Amino acid sequence: MSKFTKLDLNSITNNNRMNVFNCILEAKKINRAVIAKKVGLSIPAVMSITDELIQRGIIYAVGKGESSGGKRPELLAVVPDRFFFIGVDIGRTSVRVVVMNNCRDIIYKMSKPTESVEPYELIGQITEMTMDSIKESKLPLDRVVGIGIAMPGLIERDTGRVLFSPNFGWNDIPLQDELKKRLPFNVLVENANRALVIGEIKNMQPNPTSCIIGVNLAYGIGSAIVLPNGLYYGVSGTSGEIGHIIVENHGSYCSCGNYGCIESIASGEAIARQARIAIANKIQTSIAEKCEGDLKKIDAKMVFDAAKEGDHLAESIVKKSADYIGKGLAVAINMLDPEQIILCGGLTLNGDFFIDMIKKAVSKYQMRYAGGNVKIVVGKSGHYATAIGGAWIVVNNIDFLSNN
C-alpha cells in the first residue's frame with residue numbers, strides 16, 4: 001500500500017470520527033442507529049468509532065432512549081470537560097479572553113484594558129491573561145487543545161505573522177511564533193474580523209448556501225466573507241478589507257496609508273476624531289460638556305449619545321458615518337450578491353436608529369435589482385463575539401479527536 005493511500009485512509013477515518021462526534025454534539029443525546037443514518041455510515045462503523053471515543057473519555061453513555069419495538073437503545077453524549085478551547089480578542093482598547101468547553105459552552109470570560117500597543121509588551125499581557133484564565137477556570141493543561149488569537153490587520157495565513165495592523169501600527173510581527181514560545185499548547189492567529197464573523201455565525205446558526213458577509217463596525221471597520229465550505233481568504237489572504245474602500249478623493253488620512261477610506265470617515269475612531277476637531281474649532285455641541293473639556297475623553301459612544309439627544313453636530317457625524325458604511329455595503333452587494341450581511345461590533349450597540357440609517361444608505365447606493373434577496377441583520381453575541389470566534393478557530397483547525 002502506498003503512503004498516499006495510507007494518508008487517504010487516515011483522512012477518511014479522521015473525517016468519519018469528526019462527523020460522528022459533531023452529530024452527537026449537535027443532538028445532545030442520540031443513539032448509534034440514528035447517528036449512522038445522519039452521517040451515512042454503517043452501524044458497525046459507528047459502533048467502532050463511538051466505542052473508541054468512549055474509551056478515550058470523549059463521549060459517554062447517558063441512559064436509554066425510547067424503544068421502537070426492541071431493546072431500548074443506548075444514548076450517547078459529549079463529555080463537557082474532556083477538551084477546552086481558548087479564544088482571545090486583541091482590541092485597541094481591551095483584551096478579552098473566553099474559555100469554551102467540549103460542548104461549546106462558554107465557561108469563563110475575562111476582560112482587561114489593553115495595557116500597551118507595543119508588540120512584545122502586549123504579547124506579555126496576552127500570555128498572562130491566558131494563563132490566569134486557565135488557573136481561574138481550574139483547567140488541566142493537557143486538556144487545553146489550543147488558543148485562537150483574533151488580531152486586527154493582515155495576517156499571514158500559514159504562519160500567523162502580523163504583516164500589517166493599522167490599528168496597532170504593527171509591521172511584520174511574528175505573533176503566533178512568539179506566543180508558541182510562551183504557551184504550552186497550540187496557538188493559531190486569525191484576522192479579528194474573520195474570528196468575529198465565525199463567532200456570530202456559530203451563535204446565530206445560519207447555514208450559508210452561497211455567501212455571508214460579516215462586517216465589524218468598531219474602532220476600525222473590517223469584514224469577512226463566509227462561503228458554504230468556510231472562510232474565503234483570497235489568493236493572498238487579504239480579503240475582507242471593506243473599511244479600506246476609498247470613497248472620498250483627498251479625504252481624511254487613513255492608518256493604512258491611503259486617504260478617504262471608509263474607515264477613516266466612519267469608524268468609531270473616526271467618529272470620535274471628527275467630534276474633537278469640531279470642538280477644537282469652536283463649533284457648538286453638547287459633546288463639549290459631556291467630555292468636561294477634556295477632548296481625550298471623547299469616544300464614539302459619547303457622540304452617539306449626543307446624537308440621540310438631538311445634538312446637531314453629533315447627528316451630522318453619525319449620519320455621515322452611516323452613509324459611507326452604506327456605500328461600502330452597497331459595493332459588496334453589487335459584487336457578491338450575498339444571502340446575508342451580519343453587522344457586528346461596538347457601533348451596532350448604539351441603537352436601531354444607526355442601523356436604520358445604514359440600511360437606507362444601502363438602498364440608496366446599491367444597483368437596481370442587485371442583492372434583491374439579501375438580509376441585513378445585527379449580530380447577537382455582544383462584546384465577546386470575537387473572542388468566541390477565536391475559540392472556534394481552534395475547533396475548526398485543530399484535529400483534537402485524532403489519536404496521534
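The values are calculated or read from the model by the stated rules, or taken from the named source; none is laboratory data. Everything numeric here is computed off the predicted structure, so don't read it as measured data. A quick note on method: Cβ atoms are made from the backbone with ideal geometry, for glycine too, and the neighbour counts reach across all protein chains shown. Ligands, DNA and RNA are stripped out before the accessible areas are found, and what is left, the full protein with its side chains, is counted by its heavy atoms. Shrake-Rupley method; radii C 1.70, N 1.55, O 1.52, S 1.80 Å.
Given the criterion modelled with pLDDT under 95, closer than 25 Å to ILE90 by Cβ and surrounded by 14 or more Cβ atoms within 10 Å (Cβ to Cβ), identify the matching residue among GLY379, GLY371.
Only one candidate passes the filter, namely GLY379.
Regarding region 92-101, can at least one residue be identified that is open to solvent by 60 Å² or more (accessible area, probe 1.4 Å), in a loop (DSSP other than H, G, I, E, B) and touching a residue at least 60 places away in the same chain (Cβ under 8 Å)?
yes
Have a look at SER363, SER321, SER402 and point out the one that is part of a helix (DSSP H, G or I) and surrounded by fewer than 17 Cβ atoms within 10 Å (Cβ to Cβ).
The match here is SER363.
Could you tell me which numbered condition ALA387 fails, if it satisfies all but one of (1) surrounded by fewer than 20 Cβ atoms within 10 Å (Cβ to Cβ); (2) farther than 30 Å from THR13 by Cβ; (3) in contact with a strand residue (DSSP E or B) (Cβ under 6 Å, 6 or more places away or on another chain)?
(1)
Under the condition of being touching an Asp or Glu at 6+ places or on another chain (Cβ under 9 Å) and either among the polar types (S, T, N, Q) or under 17 Å from SER252 (Cβ atoms) (or both), which residue from region 285-314 is most open to solvent (accessible area, probe 1.4 Å)?
SER286
One residue is enough: does region 172-193 have a residue meeting the conditions in a helix (DSSP H, G or I), at pLDDT below 95 and closer than 27 Å to SER255 by Cα?
yes
Tell me, which residue of region 102-123 that is over 27 Å from ALA33 (Cβ atoms), touching a helix residue (DSSP H, G or I) at 6+ places or on another chain (Cβ under 8 Å) and in contact (Cβ under 8 Å) with a residue 40 or more places away in the chain is least open to solvent (accessible area, probe 1.4 Å)?
Among those that are over 27 Å from ALA33 (Cβ atoms), touching a helix residue (DSSP H, G or I) at 6+ places or on another chain (Cβ under 8 Å) and in contact (Cβ under 8 Å) with a residue 40 or more places away in the chain, it is ILE123.
Can you name the number of the only condition in (1) among the polar types (S, T, N, Q); (2) in contact with a helix residue (DSSP H, G or I) (Cβ under 7 Å, 6 or more places away or on another chain); (3) open to solvent by 80 Å² or more (accessible area, probe 1.4 Å) that THR50 fails?
For THR50, the failing item is (3).
Go through region 20-38 and give me each residue that's surrounded by fewer than 17 Cβ atoms within 10 Å (Cβ to Cβ), in a helix (DSSP H, G or I), within 28 Å of the chain's Cα centre (by Cα) and free of Cβ contacts under 8 Å to residues at least 60 places away in the same chain.
Scanning region 20-38 gives ASN22, GLU26, ALA27.
Taking region 332-360, which residues are part of a strand (DSSP E or B) and farther than 23 Å from GLY268 by Cα?
GLN340
Only one of GLY390, GLY371 is among the small types (Gly, Ala, Ser) and either outside any helix (DSSP H, G or I) or more than 22 Å from GLY214 (Cβ to Cβ) (or both). Can you tell me which?
Answer to the check: GLY371.
Would you mind telling me which numbered condition in (1) open to solvent by 60 Å² or more (accessible area, probe 1.4 Å); (2) free of Cβ contacts under 8 Å to residues at least 12 places away in the same chain GLY70 fails?
So GLY70 meets the others, but not (1).
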